[in-house]
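Engineer: Have a look at this one before I ask anything.
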Amino acid sequence: MAPPENLPPAWFGPSRQQSPSRRTESTSENTLSRMFATAYGRPRALRGETIPLNARVFAVADVFDALTSRRPYKGALDFEQAWALLEGGRGGQFDPRIVDAFAGFVPALFHAISGQEESGLEALLDRKLKRNFRF
């Protein structure tokens, strides 16, 4: 399905610029996650809940990570600033139910891991994996 002609090519990300044989489903889902509530151009004409759940979850997690992580070109936002931006995108850029689900655990998790050394984070991850995943 071709995108509407009146939209800039940048809205369609790198997958639009690749040859069709090099596109992947994960690239499409990543593009979907970034386009949850744009007015036009959703790949495959998906909207709201027709966008795969994993793409909607990834959209919230990815943006939160980007906002709270220091990058060479920007500083990290504190939790309150980042959360306010997620709340501001609720029902627009982000599925409100996904934001609600994140609200149930992200604040405590963020504050528990902020400022920890890598060894402490590895131990926390190991405990969480053992509690939640039985191998």
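The values are calculated or read from the model by the stated rules, or taken from the named source; none is laboratory data. These numbers were taken from a predicted model, which means no experiment stands behind them. For neighbour counting, all protein chains shown are included, and Cβ atoms are generated from backbone atoms with ideal geometry for every residue, glycine included.
Engineer: Consider A82 carefully, then state whether it is over 20 Å from L53 (Cα atoms) and in a helix (DSSP H, G or I).
Structural biologist: Judged against the criteria, A82 is a match.
Engineer: Another question, if that's okay. Test N30 against the criterion of being under 17 Å from the mean Cα position of the chain (by Cα), assigned to a helix (DSSP H, G or I), at pLDDT 90 or above and not basic (K, R), and give yes or no.
Structural biologist: no
Engineer: Criterion first (closer than 27 Å to K128 by Cβ and either surrounded by fewer than 18 Cβ atoms within 10 Å (Cβ to Cβ) or touching a Ser or Thr at 6+ places or on another chain (Cβ under 9 Å) (or both)) does P72 satisfy it?
Structural biologist: no
Engineer: Filter the range 104-121 down to the residues that are free of Cβ contacts under 8 Å to residues at least 12 places away in the same chain and surrounded by 12 or more Cβ atoms within 10 Å (Cβ to Cβ), then identify the one that is farthest from L67 (Cα to Cα).
Structural biologist: That would be G120.
Engineer: Report yes if some residue within the range 96-104 is within 19 Å of the chain's Cα centre (by Cα), farther than 22 Å from N54 by Cβ and not in a loop (DSSP other than H, G, I, E, B); otherwise report no.
Structural biologist: Within the range 96-104 (the criterion being within 19 Å of the chain's Cα centre (by Cα), farther than 22 Å from N54 by Cβ and not in a loop (DSSP other than H, G, I, E, B)), the answer is no, since none of the residues qualifies.
Engineer: Let me ask you something else. Only one of A112, A59, A76 is hydrophobic (A, V, I, L, M, F, W, C) and more than 19 Å from the chain's Cα centre (by Cα); which?
Structural biologist: A112
Engineer: Please specify each residue of the range 57-98 satisfying the condition of being more than 20 Å from I113 (Cα to Cα), aliphatic (A, V, I, L, M) and in contact (Cβ under 8 Å) with a residue 24 or more places away in the chain.
Structural biologist: Result: V57, A59, I98.
Engineer: With (1) out of contact with any helix residue (DSSP H, G or I) (no Cβ under 8 Å at 6 or more places or on another chain); (2) modelled with pLDDT of 90 or more as the list, and A55 as the residue in question, which single condition is left unmet?
Structural biologist: Of the numbered conditions (1) out of contact with any helix residue (DSSP H, G or I) (no Cβ under 8 Å at 6 or more places or on another chain); (2) modelled with pLDDT of 90 or more, the odd one out for A55 is (1).
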